[in-house]
1. Which chymotrypsin sites (Phe, Trp or Tyr not before Pro) in region 243-333 pass both tests, a DSSP loop state and at most 13 other beta-carbon atoms within 10 Å?
2. Quick one: length gained pulling LEU314 to TYR230 fully straight, 0.36 nm per residue minus the C-alpha distance?
3. Taking region 311-410, which trypsin sites (Lys or Arg not before Pro) meet the DSSP loop condition and have no more than 16 other C-beta atoms within 10 Å?
4. If I histogram all Cα-Cα distances within region 237-336 using bins 5 Å wide from 0, what percent of pairs lands in each bin?
5. Under a 1.4 Å probe, what is the accessible area of region 219-369 per residue, stated in Å²?
6. Using the alpha-carbon centroid of each, what span in Å lies between region 291-325 and region 195-212?
7. Say each of GLN363 and GLN334 gets a label point 7 Å from the Cα, pointing the same way as Cα to Cβ; how far apart are those two points in nm?
8. Residue by residue, what Karplus-based ³J(HN,Hα) values in Hz, rounded to whole numbers, does region 74-83 have, using 6.51, -1.76 and 1.60 with θ = phi - 60° and x for Gly and Pro?
Amino acid sequence: MGGNELYLYNPEGEQQPHVHELLQSEGDHPSFLFEGSSSPGPRVIEFYAPWCPHCQHYAPRFIELARKVIAREPSVEFHAISCVAHPGLCKSQNISSYPTLRLFREGSYEKIDAKTNTLNVDEIFNGLGFTDRHFDKDGHITVDKKTIARVVPFRSHDVHDAWTDAALSFLFALKNGIFMTNGPLGSKEANALKEWLLLLSKSLPHQMNRTHDLIDSVLKNYDRATISQYHLDEIVKEVGHSEPVYRWRTCTYGDNNMGYTCGLWSLFHIMSVGLVEYNRHNTRSPIPTMQASEILRNYVEHFFQCEVCRLNFLSMYDTCALDGCQRLSNQASQNEADWRELPLWLLETHNDVNARLMKERLQNNKDKEEPPSAWEVQQSQWPSLNACPDCWRTDNSWNEQVMFEHLYATYYGGAPTYIRIDASEYTDRKGGWSCWRVSGIIMLCGAILLLVAYSSSRKQKKRRRR
């Protein structure tokens, strides 16, 4: 990530007037967290990740909260720490979810945990020991954001875009989302990660060659990979991913920080459609849909650090939302219609998230206070009516056959005229036919034909001379 993609509160290299962003150049030992020569004042600290959607939504609220508090008590400091820019610092502070808010009283290094959804001016002053301060409703959190589009349309993308973004997010997760504390992974985390990698090894398309190689390498060296982030990074480097450049293609809308979660959803969708493809070729031992969904659920629980996103997903799954407990099964089925329930259920879950995020965005935009209309809710769903008009019926329900075919084309199979396979990133694995091999055979055949034609021409000229 570039410098402007490491931070939410210092995107253009300029500090916010009310929130101090800890920069990489300032090191991992700030005086407001560690004892030094001077005694720190009262302070509020947010630990976050710039790719976390809830962190992005919360940033303007944190800035406004800082402005209100500092206006009443200038001695209070507000700090923000990006755990992408300072992974070691966040691990030393045992940050396991984003965003994490902590209060520290004047001269004290004893943390007081706070919650983003309830923290307001009164609670900050009470937590920091200003018990004599009382404010009216104006002291609570408000949001002052610029008017934004009510519904952000989905951008069209092809299967190659989905593979690229999914591969980037998989790599980013290995380097930033596995070890959130110092020390080796616990047994639950280690088992959850291993099951996830084994599922991906079976379900990802073989064209995602570099991702398969990375998965194979981590599994081959799994005991070493679970010791520490350093050991995992060394395995990643051995496969050729020393200094990756994260540039996601879709869902960023000009903000590359949004790419990670979008690419992660792409990885989930590719896995779910890939399970159908895997079962088609392994009918004697198909993977049950609920077995795959449980593996996905456990991965999200242990390794997706956007707290609100994680808790919402787990709540939906554990309460059998969208009839998941009936649609998915632990029994191995020979019926493809049963296998398709996993990608269709996952898409419906994702669309529920899309609708919720849209409503949150409208609530945070005070110039657009009216609730979303039924049309706006439909427009927040994937795929859009323009991208796949036959996927939707007139009552906004799905044509499940067409919807699955669209999912398959977008995330796994693709339409032949739209697939663009970059041989440097996605060559076929273990004896498959890459585009370079096909091109080489065509060129060789052409050369042979030219040689035969040339030889025939020479023989005819010799006969004429005789």
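The values are calculated or read from the model by the stated rules, or taken from the named source; none is laboratory data. Since we're looking at a predicted model, the values are computed, not measured. Virtual Cβ from ideal backbone geometry, glycine too; neighbours counted across all protein chains shown. What goes into the accessible areas is simple: the full protein's heavy atoms, side chains included, and nothing from ligands, DNA or RNA. Shrake-Rupley method; radii C 1.70, N 1.55, O 1.52, S 1.80 Å.
1. Those satisfying the criteria are TYR253.
2. 27.3 nm
3. Within region 311-410, the qualifying trypsin sites (Lys or Arg not before Pro) (loop, at most 16 other Cβ atoms within 10 Å) are LYS366, LYS368, ARG393.
4. Answer for region 237-336: a P(r) of 2, 10, 15, 18, 18, 15, 11, 7, 2, 0 percent.
5. 44 Å²
6. Spelled out, the Cα-based centre of one part sits 21 Å from the other.
7. 4.9 nm
8. Working through the residues one at a time gives x, 6, 6, 10, 10, 10, 10, 10, 7, 7 Hz.
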